Every structure is written in C-alpha cells, then in structure tokens.
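Here the structure is laid out as structure tokens; the discussion comes afterwards.
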Amino acid sequence: MKLAPSILSADFANLATEIEKVSNAEYIHIDIMDGHFVNNLTFGANVVQALRPYTKQVFDCHLMVTNPEDMLNALKEAGADIVGVHYEVCPHLHRTLAKIKELGMKSEVVINPATPVSVIEPVLTMVDQVLVMTVDPGLGGQGFLQEMLEKVSQLAEYKQENGLDFDIEVDGGINDQTIRLAKRAGATVAVAGSYIFKARNPAERLKILQESLNQGKMR
C-alpha cells in the first residue's frame, strides 16, 4: 500500500519543510478547494508549482472544486502527477477524465460518502485511481466512516472481475488502526493528514503507519 500524507493538515507557512519530513512516502496529497463545492478554501496550481522543485514524490491532487476542467492545464504546467475530480461536480465526467489523460497526467474519479460505486462503473476502464472518501469532504481531522469499507470491497471485486488495474485510495480518518481495515478491504493507497502532521514528529507517525501495514500483511 502506498502512503499519501495530506498537506491540508501541515503547517502552511512551511510546506516545503513539512514535505521533507515525509520524504519516505510515495505520494504527497494536495487538496485543492475553491470555497464553493466545499466551504474550505485552500491551495491552487500556484502552490503545486512552488512545491514541485522540492521533491520528486508523486503529487496526488484532489480537486474539490465546482469547475475542475478550468484548472487542468494549469495543474499540468505546475507539475501535478495525478488529478482527482469528483463525480458529484462533473456533468461530463468521461470528457473531464479524458482531458486529464490527454494532458499526460493520471486520472482519478472521487466519490463522496453518499455516492454509490455503481454510478462510476462506466468510467472505471479509463481511470488510474478511484478515491473513496471515508469522511465528508472539506475539513481535516474527521472520524473514519467505517461503512465506506464496503465501497472499497466493491471496487476491489469489480477490478478483479474485469481485469482492471486502477488504484483504490481512501481519504479521511486514517490512522494506524483504520489503515489496516482499509488495506484488508482492498485499498492500495491511503491518505493521512492530521494523524501525520498534527503530531510532534510527522516522520515517526509515517513510520508507524508503514509498520502497521507490515504487521497487518495478508497472506
């Protein structure tokens, strides 16, 4: 399982330093919010561009915005690697995902807790990653919604039955206990924000997550 520390919970005034603390993680998760789709307002493509010289880690950009298509070219120029868009705000989801791929980035579809897996089945052949929100989007530090694990299991089963190869990411309430539940359900990427960056030693928390995954390795 790949780990994706979320800088939503990091010190905004020292993001380059914060990223360095979790340099052993495969991904850096960047939540981009516009204050409309969700109430919070965070980063944009300019922050992605500013951070890009400091690491070669995969920039996993989660767009919680009402018009994600408007940001795609800027994110490509800024150095984004994966771009996730919400099913709930994309009336032309196939076209949006295709545009992400055309720009040379990996595409991800995101679903909120109230959104069923069935509605995204038509695009699962074209995505590189599916993000299952395990909290309601917009704020860090929320509790893990364990009932979302059923969606992860559904996606893992669908992937296997149809010979697909997309990653399954979970985001929200991830700690050393819930990460093992997510992995057991079939998740392959885990986003962790508050658990890592609200601790005194983020690098140590990252190590704890990695050790927890090793302890829970399935045979």
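Any read-out appearing in this document is the output of simple, stated calculations on the displayed coordinates, not a laboratory observation. Just so you know, these numbers come straight off a predicted model, no measurement behind them. Here the Cβ positions follow ideal geometry from the backbone for every residue, glycine too, while neighbour counts run over all protein chains shown.
Can you work out the Karplus-derived ³J(HN,Hα) for every residue in segment 18-34? Use 6.51 cos²θ - 1.76 cosθ + 1.60 with θ = phi - 60°, whole Hz, and x for glycine or proline.
Per-residue couplings from phi come out as 4, 5, 4, 5, 10, 5, 7, 7, 6, 10, 10, 9, 10, 8, 10, 10, 10 Hz.
Kindly provide the helix-only [θ] at 222 nm of the chain, computed as the sum of -39,500 (n - 2.57) over DSSP H runs of four or more divided by all residues, to the nearest 500 deg cm²/dmol?
After summing the helix terms and dividing by the residues of the chain, the value is -9000 deg cm²/dmol.
How much net charge surrounds Asp176 when only other residues with a Cβ under 12 Å from its Cβ are counted (Lys, Arg +1; Asp, Glu -1)?
Every neighbour counted, the sum reads +2.
How big is the charge dipole of the chain about its Cα centre, in debye rounded to the nearest 20, if each Lys and Arg gets +1 on its Cβ and each Asp and Glu gets -1 on its Cβ?
600
Going by average Cβ neighbours within 10 Å, how do the peptides 117-126, 80-89 rank, with the highest at the top?
In decreasing order of mean packing, 117-126, 80-89 become 80-89, 117-126.
Mean separation of Cα pairs under 8 Å and 6+ residues apart, divided by the residue count of the chain: what relative contact order is that in percent?
20
Of the listed pairs Lys21/Lys159; Lys56/Lys101; Lys183/Lys207; Lys76/Lys159; Lys99/Lys151; Lys56/Lys151, which have alpha-carbon separations greater than 23 Å here?
Those over the limit are Lys21/Lys159; Lys76/Lys159; Lys99/Lys151; Lys56/Lys151.
List the extent of the Cα atoms of segment 1-156 along each of their three principal axes, largest first, rounded to whole Å.
That gives 40, 35, 31 Å along the principal axes, largest extent first.
On a full-extension model of 0.36 nm per residue, what is the gain between Glu88 and Lys101, subtracting their alpha-carbon distance, rounded to one decimal in nm?
Net length gain for the segment: 2.7 nm.
Just check segment 83-213 against the gyration tensor rule for me: Cα atoms, a ≥ b ≥ c as the square roots of the eigenvalues, rounded for a/c under 1.5, and otherwise prolate or oblate depending on whether a/b exceeds b/c.
prolate
Classify segment 60-145 as rounded, prolate or oblate from the Cα gyration tensor: take a ≥ b ≥ c as the square roots of its eigenvalues, call it rounded if a/c is under 1.5, otherwise prolate when a/b beats b/c and oblate if not.
oblate
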